[in-house]
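A.B. asks: Mind having a look at this structure? Questions to follow.
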Amino acid sequence: MRILDPRRLFGQEGEAEAERYLRRKGYRIVARKLRSSLGELDLVAEDGKVLVFIEVKARRTGQFGGAIHAVHRQKQQKLVRLASQFLAQRHWMERSSRFDVILLEATTATSLKVQHIQNAFEVSSDDLH
């Protein structure tokens, strides 16, 4: 039997909550936890005709500025490389896409506050090719 690290378990719970949140908003989940040699995409979903790459950040507290500070420039560049790989593998390079971030912060032992930042950072179509 494998015992999970409490931080990893909290992160998995956060990703599951983010997925439920997106489904309630009408998004269709295309993929989850896509791993490659470059890293991992948390969620890929469709919002209408737009393909959305979603980074999920869950934090137990707002200490150190909260989860938004975890999606820094270097992380953004990594997400763009992962998205480009995903699009190329599926021959979807012409799809309209964007990058969202979902921030989850524990407000009590059993509740999470969800903040959804649509189009969290700008990416040129050249960067995705």
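A.B. asks: Order the peptides 95-103, 21-29, 42-50 from the highest to the lowest mean number of other Cβ atoms within 10 Å of their residues.
C.D. replies: On the way: 95-103: 20.0, 21-29: 13.6, 42-50: 16.8.
With the highest mean Cβ count within 10 Å placed first, the list reads 95-103, 42-50, 21-29.
A.B. asks: Still on this structure, please answer the following. Each residue of the stretch 50-57 in order: what ³J(HN,Hα) in whole Hz does its phi give by Karplus 6.51 cos²θ - 1.76 cosθ + 1.60, θ = phi - 60°, with x for Gly and Pro?
C.D. replies: Result, rounded to whole Hz: 8, 8, 10, 9, 10, 9, 10, 10.
A.B. asks: Return the distance in nm (one decimal) between the two label points of a simple spin-label model at R23 and R73, each offset 7 Å from Cα along Cα→Cβ.
C.D. replies: So the two model labels end up 3.9 nm from each other.
FYI, it's all coordinate maths here, none of it is from the lab. This one's a predicted model, so the numbers in the text were calculated from it and none came from an experiment. Using ideal geometry, Cβ is built from the backbone for each residue, glycine included, and neighbour counts are taken over all protein chains shown.
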